[in-house]
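Visitor: The structure that follows is given in the form of C-alpha cells.
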Amino acid sequence: MKLKQTFSNSPKVSSEDKAKYEKEKNFIIKNINESKFGFFQELKKPRLNEIYNLVDHLKRFDNVLFLGTGGSSLGGKTLVSISDNYFLTRLKPKIFFIENVDCMSISSLMKNIDLEKTAVVITSKSGETIETISQLCFILDEFKNKKIPTKENFIVITESKDSTLKKIKEVKEFSYLEHSSLIGGRFSIFSIVGLIPAKLSGFNIELFCSSGLNFFNKVASDTKLFDYYFNSSLNQYILSKNKKCTSVIMPYVDSLFNLSLWYKQLLAESTGKSGVGITPLNSIGTVDQHSQLQLYLDGPKDKTFSFISRKKIKSDKLDCSWIGNKLSFLNQKSLEDLLYSEMLATSETLIRKKLPVRKIQLDCVDEESIAELISFFIIEVILICKLLEVNPFDQPAVEEGKILTKRFLNDI
C-alpha cells in the first residue's frame, strides 16, 4: 500500500463508541464485498471504449471546455491537476473547467480561444442544474454569434431520463453519454465524469481504477488493515461530539490542492445533515502557515488537522552562501528540504498545543497513490456518516435554495 497515516492526540474511545464502530465497520465491509455502493458500478467495469472514443474525438480540438459544478467538475479537475503543470498548462488540447456563472470570466475565456477549435462537454447528472444549463446557453450564444456549427463540438453527459439537458441534446443533436443513475456527483470520480478529462490529460485511468479497486478489496478482506486506515473515521466522529467539528486538510503538495477541494465537498455535503456534520477547511502548505496558522494555534480549539505529504524527492541544492549569516541554514539545502521541514515543524507545533493531528504520507504523487487516497477518503466519509447516523449519499437541504433562486430570477 502506498498510503500511510499516523495520529497524534487522538481522543479516548468509549466501549459504546467502539461497539458502534464495529457494527458500522461490518456494514461497510459487507457493502464493499457485495459492490453495493453505486460508485462500484463503473469502477469495476470502467466504460473504457466510450472514454477512448470520446477522447480521440476531443483531441481533434485545441481547447476542451468542461461545463459542470460540484461533483460534475471537481473529480475530473482533481485528476487533471495531477498530470498538468501547476503554474502553466502544457496540455494539448488545453482543458478548462467552467464551474461558476460569472459572465466576466467566461466572456474573457471566449475572447481568448478559437471557438471553431473548441469542444464543450456538459455534465449534469439530473439534467436540471441551472448553473450548468446557463453556462451552456451562454456559450451557445457565442457560437451562434460567430456562426460556428455546434453539432460536432458539444457532448452531453446526463442521466437517461426526461430532463431539460437531455431535451437540449436531442434538439441540437449533440453527442451523448449516459450518466449512471446510481452514482452521485461527489462519488463520480471513478466514473466517466472524472475519467474523461483525466484520460484527455494523459492520466493513466486504467491504473487509477485498478488501484482503487485493489485498495477497496484489501481493506475489506483484512480487518486489521481496515482498522489501521479507518480508525480515522471513529476519531473524527468522537472529536465532532466533543465540539471539534472543523476538519482542516492541509496538503504540502501543490498538485493536491484540487483534491482538497474535492474532499471538501465530499465531507461537507455527506456529513452535514440533521444538525450534525463536520466542516472542512482547506489550507495549503506552506502558504497558509502565513495566513491561517495563527488562528489554528491561538484561536478556538475546535479543529482537527490532516497533513498530506509525499516522500521526499530529489531537488537541487540552493547556493545561499552569498546572502550572509542570518540565513546560513538555507545554504546547500533544497526547496524540498524546506517544504518537508516546514511541514514537520507546523504539525509538531500543533501537536504540542494538544490539538488532534494526523499525517498522511504518499509514496509519490501518481495514479496508484492518488487512487488509494481517494478510495480511502470515500470510505472514511461514508463511515463517519454511518457513525453520525446520517445518509452519506443525499443532500436534501439544498433544494430550498434552488427554489428561491428561481423565485428571485422571476422577480428581476
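Visitor: Does I113 satisfy the condition of being over 25 Å from the mean Cα position of the chain (by Cα) and of a type outside the set (S, T, Y)? Walk me through it before giving the result.
Guide: Details: over 25 Å from the mean Cα position of the chain (by Cα): yes; of a type outside the set (S, T, Y): yes.
So I113 fits the description; yes.
Visitor: Now a separate question. Show me the helices (runs of 4 or more DSSP H) entirely contained within the range 129-204 in which 1 or more residues are touching a residue at least 40 places away in the same chain (Cβ under 8 Å) and under 22 Å from the mean Cα position of the chain (by Cα).
Guide: Details: elements: 130-145, 164-172, 192-200.
The qualifying helices (runs of 4 or more DSSP H) are 130-145, 192-200.
Visitor: Related question: So is G68 in contact with a Leu (Cβ under 7 Å, 6 or more places away or on another chain) and either loosely packed, with under 14 Cβ neighbours inside 10 Å or of a type in the set (G, A, S) (or both) or not?
Guide: In short, no.
Visitor: If you don't mind, there's one more thing I want to ask. Does the range 273-305 hold any residues that are surrounded by 15 or more Cβ atoms within 10 Å (Cβ to Cβ), hydrophobic (A, V, I, L, M, F, W, C) and more than 29 Å from Q395 (Cβ to Cβ), and which are they? Explain how you work it out, then say what you get.
Guide: Of the residues in the range 273-305, the ones surrounded by 15 or more Cβ atoms within 10 Å (Cβ to Cβ) are 273, 276-286, 288-289, 292-293, 296, 303-305.
Next, only the ones that are hydrophobic (A, V, I, L, M, F, W, C) stay: 276, 278, 281, 284, 293, 305.
Answer for the range 273-305, where residues must be surrounded by 15 or more Cβ atoms within 10 Å (Cβ to Cβ), hydrophobic (A, V, I, L, M, F, W, C) and more than 29 Å from Q395 (Cβ to Cβ): just L293.
Visitor: Moving to a separate point now. Being outside the structural domain of E128 (by TED's automatic domain parsing) and aliphatic (A, V, I, L, M) is true for just one of I189, I157, I148, I238. Which residue is that?
Guide: One residue alone meets the criteria, I238.
Visitor: Only one of I378, I351 is in the same structural domain as S10 (by TED's automatic domain parsing), within 23 Å of T304 (Cβ to Cβ) and surrounded by 21 or more Cβ atoms within 10 Å (Cβ to Cβ). Can you tell me which?
Guide: I378
Visitor: Which of the residues that make up the range 223-259 are crowded, with 19+ Cβ neighbours inside 10 Å and out of contact with any helix residue (DSSP H, G or I) (no Cβ under 9 Å at 6 or more places or on another chain)?
Guide: N235, L239
Visitor: Examine the range 292-310 for a residue that is under 13 Å from M250 (Cα atoms) and part of a loop (DSSP other than H, G, I, E, B), and state whether such a residue exists.
Guide: Yes, the range 292-310 has at least one match.
Visitor: Then there's this: Going through the range 102-120 one residue at a time, which ones are in a helix (DSSP H, G or I) and among the acidic types (D, E)?
Guide: Scanning the range 102-120 gives a single hit, E116.
Visitor: Against the condition surrounded by 12 or more Cβ atoms within 10 Å (Cβ to Cβ), more than 24 Å from K218 (Cβ to Cβ), of a type outside the set (A, V, I, L, M) and modelled with pLDDT of 95 or more, how does K59 come out, does it pass?
Guide: yes
Visitor: Condition first: surrounded by 15 or more Cβ atoms within 10 Å (Cβ to Cβ), in a helix (DSSP H, G or I) and in contact with a strand residue (DSSP E or B) (Cβ under 8 Å, 6 or more places away or on another chain). Can you find one or more residues in the range 330-339 that meet it?
Guide: no
The values are calculated or read from the model by the stated rules, or taken from the named source; none is laboratory data. Please read all numbers here as calculations on a predicted model, not as lab measurements. Every residue, glycine among them, receives a Cβ derived from its backbone with ideal geometry; neighbour counts consider all protein chains shown.
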